[in-house]
Amino acid sequence: MVLDKPAGARRVLTVLAAALVCGACFPRTPSPQASPTPKRVTAVATISTLAALTQSVGGDRVNVTSLVPVGASPETYDPAPRDLISLANARLVIENGAGLELWLEKLLRTAANRSAVVIVLSEDLPVAGAARGQPGNPHLWLDPHFAKIYVSKIAAALRDVDPAHASYYSANERAELARLDALDAWIKTQIDLVPPQQRAMITFHDAWYYFDRRYGLRDIGAIEPSPGQEPSAAWLAKLIALARENHVRAIFAEPQFSPKLAAELASSAGIKTVPDLYDDTLGTAPGLQTYEGIMRYDVDTIVKALNS
């Protein structure tokens, strides 16, 4: 799909319009027993992690979908025709920003509902590495402090598009903020179980900066220098040296990326590979389908690996 040529998008939307017109040609007799049900808010998040936070606030008043499928990387995602349809029907669009979804702007111009509310969750937050022309590290949600800010921004947007149920969203917001406070406290107790000299991480891509900064881990480096860029031999040699120098216990890979490079680096450094930290995506297994679920799984995985 070529995003800078909207002809394909126009064809998709033309088909949709034709279907709607044809549907109008055949009158339907309403069932006398049918009772009206309150219309839910249709929300579209760019990634499944943000969709999960949105669902925690929206509850049964919101239908939330994710553009990037579970198990895929948002930083290298190639949009599909179904994304045009999802955005055309959305009342609320939730994006992270800070360079995570570079493909989204053209998609929004082509297909989005012009009356939809679009919120950028990283807006006005201290994005590390941001400079003129450089968006910086977008993975703020891996620090529960920033996840709380995301939740409050989502709740405010839902109150804006559905003011009749504002109190419902506010109650869900308070409950989710309390869960995130408890999660934050639990993570601190778990990281405290790791001796300070062993709190060092090498990951596949630079997603864990905010998490490491909050909980006192050393961010040694990432295999992928930038999204979608293959590391050079010199880069890998540098990481191997850093792993040995900092007594790194494991290389942490992610399910949306091939584990081959992580395994090669771990083998060369004489340490083990942990194949599945979740950050840009939820998981499919039970317990990995919420933000809190993946965070608790990740922390358990990190602590076990760094203590081994």
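What residue among ALA185, ALA43, ALA233 has the largest mean-square fluctuation in a Gaussian network model of the chain, using Cα springs under 10 Å?
ALA233
Full extension from SER170 to LYS272: what is 0.36 nm times the residue separation minus their Cα-Cα distance, to one decimal in nm?
Answer, rounded to one decimal: 32.3 nm.
Using amide H atoms built in the peptide plane, which far-off residues or other-chain residues are under 5 Å from GLY136 H to H?
Long-range HN contacts for GLY136: ALA131.
In nanometres, what is the gap between the two model label sites at SER115 and SER152, each 7 Å from Cα along Cα-to-Cβ?
3.1
Read phi for every residue in the range 174-179 and hand back ³J(HN,Hα) as whole Hz from Karplus 6.51 cos²θ - 1.76 cosθ + 1.60, θ = phi - 60°, with x for Gly and Pro.
Result, ordered by residue: 4, 5, 5, 4, 5, 5 Hz.
In nm, what is the difference between 0.36 nm times the number of residues separating ALA285 and LEU242 and their Cα-Cα distance?
Stretched fully, the ALA285-LEU242 segment lengthens by 12.1 nm.
Full extension from GLN198 to ALA233: what is 0.36 nm times the residue separation minus their Cα-Cα distance, to one decimal in nm?
So the chain would gain 10.0 nm between GLN198 and ALA233.
Between beta-carbons, use under 11 Å as the cut-off and find the net charge around ASN63, counting Lys and Arg +1, Asp and Glu -1.
Residues near ASN63 contribute +3 overall.
Taking the number of other C-beta atoms within 10 Å as the exposure measure, put SER56, SER267, SER115 in order starting with the fewest.
Starting with the residue having the fewest Cβ neighbours, the order is SER115, SER267, SER56.
Between the range 260-306 and the range 105-156, how many Å separate their Cα centres?
So the separation of the two Cα centres works out to 25 Å.
Please list, ordered by chain and number, the residues whose modelled amide H lies under 5 Å from the amide H of VAL93; skip anything fewer than 5 residues away on the same chain.
Here the answer is VAL44, VAL117, VAL118, ILE119, since their amide H atoms fall under 5 Å of that of VAL93.
Normalised by the number of residues in the range 183-270, what is the relative contact order in percent for Cα pairs under 8 Å and 6+ residues apart?
Reported as a whole number, the value is 30 percent.
Suppose R0 equals 35 Å. What FRET efficiency, 1/(1 + (r/R0)^6) with r the Cβ-Cβ distance, do ARG213 and LYS39 give to the nearest 0.05?
So, using R0 = 35 Å, E works out to roughly 0.25.
In the structure displayed, which of LYS106/LYS148; LYS148/LYS260; LYS148/LYS272; LYS106/LYS260; LYS39/LYS106; LYS188/LYS272 lie more than 26 Å apart, Cα to Cα?
LYS106/LYS148; LYS148/LYS260; LYS148/LYS272; LYS106/LYS260; LYS39/LYS106
Any idea what the dipole of the range 194-306 comes to, in debye rounded to 20, about its Cα centre with Lys/Arg Cβ at +1 and Asp/Glu Cβ at -1?
460
For a quick check: sort PHE146, PHE211 by the number of other beta carbons within 10 angstrom, fewest at the front.
PHE146, PHE211
Tell me the label-point distance for the pair ALA178, ALA130, using the 7 Å Cα-to-Cβ offset, in nm and rounded to one decimal.
Label-label distance for ALA178 and ALA130, simple model: 3.2 nm.
Counting only residues 5 or more places away or on other chains, whose amide H sits under 5 Å from the amide H of GLY71 once H atoms are built in the peptide plane?
LEU282
Relative contact order of the chain: what whole-number percent is it, with Cα pairs under 8 angstrom and at least 6 residues apart?
Relative CO of the chain lands at 17 percent.
Given N residues in the range 194-306, what is its alpha carbon radius of gyration divided by 2.2 N^0.38 Å? Please report the intermediate quantities before stating the final value.
On the way: Rg = 13.4 Å, N = 113, 2.2 N^0.38 = 13.3 Å.
Cα-based Rg divided by the globular estimate yields 1.01.
Read-outs: derived from the displayed coordinates by stated rules, not from any lab. It should be emphasised that the depicted structure is a prediction, and the values quoted were computed from it without experimental measurement. Every residue, glycine among them, receives a Cβ derived from its backbone with ideal geometry; neighbour counts consider all protein chains shown.
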